[in-house]
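Here is the structure we will look at.
Each reported figure results from applying straightforward, stated rules to the coordinates on display, with no laboratory input. Remember, it's a predicted structure, so these values are computed and weren't measured experimentally. Ideal geometry is used to build each Cβ from the backbone, glycine not excepted, and the neighbour counts take in all protein chains shown.
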Amino acid sequence: DTAVSQTPKYLVTQMGNDKSIKCEQNLGHDTMYWYKQDSKKFLKIMFSYNNKELIINETVPNRFSPKSPDKAHLNLHINSLELGDSAVYFCASSHANSPLHFGNGTRLTVT
Amino acid sequence: AQSVTQLDSQVPVFEEAPVELRCNYSSSVSVYLFWYVQYPNQGLQLLLKYLSGSTLVKGINGFEAEFNKSQTSFHLRKPSVHISDTAEYFCAALNNAGNMLTFGGGTRLMVKP
């Protein structure tokens, strides 16, 4: 009965490849997010979706494209992966002004 | 725009000693404040939250935090820490629209025996 689940947990790939990370929440929340945590543990928001509509896009390269097929899902597709994309990506969800619930993260390593 | 500053990147402390992790926020409007904990190789878990009301907020695992509007602070405290409290702690502020959570840089709490 995991609240926010993201797959895969680990992703190792080569530069130039295209990859996707999936996220699903079963909490009935209307807002979902993607955060990036770099090697220094700094967390930065990438995208925020509310009811399948993009609300926030924080200066993320066009190679990153979020897709929300429905309120419970927010997937992240990354084209032409670069070394600097290596990080831990966290999906999260929330309801209005309530705390965010985070997934366990996807550790992306680009070689 | 809002920002969150955690003044200490690392806090070493001996087991059973008290600890305070500092957090200051900057915002021109009211904010909602949170502390999250991240254990090694895990996701973020909510420790406690301040939305309104009493400025002293109690959370899980014996942690508490005090909202101080005049000092724009939301410091996290625990009177006696355990080895198992070793983790990264993040202070965060949610904007009024409720759609953007801004994190501080994190504080690594290292509890030594």
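Net charge near residue B:64: determine it from the other residues with C-beta under 13 Å of the C-beta of residue B:64, scoring Lys and Arg +1 and Asp and Glu -1.
Numbers: positive: B:49, B:58, B:77, B:78; negative: B:20, B:66.
Net local charge, residue B:64 excluded: +2.
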message = Using DSSP to call loops (not H, G, I, E or B), can you name the trypsin sites (Lys or Arg not before Pro) in the stretch B:27-113 whose Cβ has at most 14 other Cβ atoms within 10 angstrom?
response = B:69
ask   = How about the stretch B:1-101: which GluC sites (Glu not before Pro) there lie in a loop by DSSP and see at most 14 other Cβ atoms within 10 Å?
value = B:15, B:16
inquiry  = What's the magnitude of the charge dipole for the stretch B:1-84 around its Cα centre, counting Lys and Arg as +1 and Asp and Glu as -1 at the beta-carbon? Answer in Debye, nearest 20.
reply    = 260
task = Report the net charge of residues surrounding residue A:52, where surrounding means a beta-carbon distance below 12 angstrom and charges are Lys +1, Arg +1, Asp -1, Glu -1.
result = -1
key: Residue-averaged beta-carbon neighbours from other chains (10 angstrom radius) around A:34-41   = 3
message = Of A:10, B:111, A:101, which is farthest towards the positive pole of the protein assembly as shown's charge dipole, taken about the Cα centre with +1 and -1 on the beta-carbons of Lys, Arg and Asp, Glu respectively?
response = A:10
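Mind putting a number on the dipole of the protein assembly as shown about its Cα centre? Charges go on the C-beta only, +1 for Lys and Arg and -1 for Asp and Glu, and I need it in Debye to the nearest 20. Can you show the working numbers first?
Working: 20 positive and 18 negative charges, 32 e Å.
I would put it at about 160 debye.
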task = Would you mind counting up the charge near residue A:89? Only other residues with Cβ under 10 Å from its Cβ, with Lys and Arg at +1 and Asp and Glu at -1.
result = +1
query = Using alpha-carbon pairs under 8 Å, 6+ residues apart, how would you state the relative contact order of chain A in percent?
reply = 37
ask   = Using only the Cα atoms of the protein assembly as shown, what do you get for the radius of gyration and for Dmax, in Å?
value = 17.6, 52
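If you take the Cα Rg of the stretch B:3-112 and divide it by 2.2 N^0.38 Å, with N the number of residues, what do you get?
Numbers: Rg = 13.2 Å, N = 110, 2.2 N^0.38 = 13.1 Å.
Ratio of Rg to 2.2 N^0.38 Å for the stretch B:3-112: 1.01.
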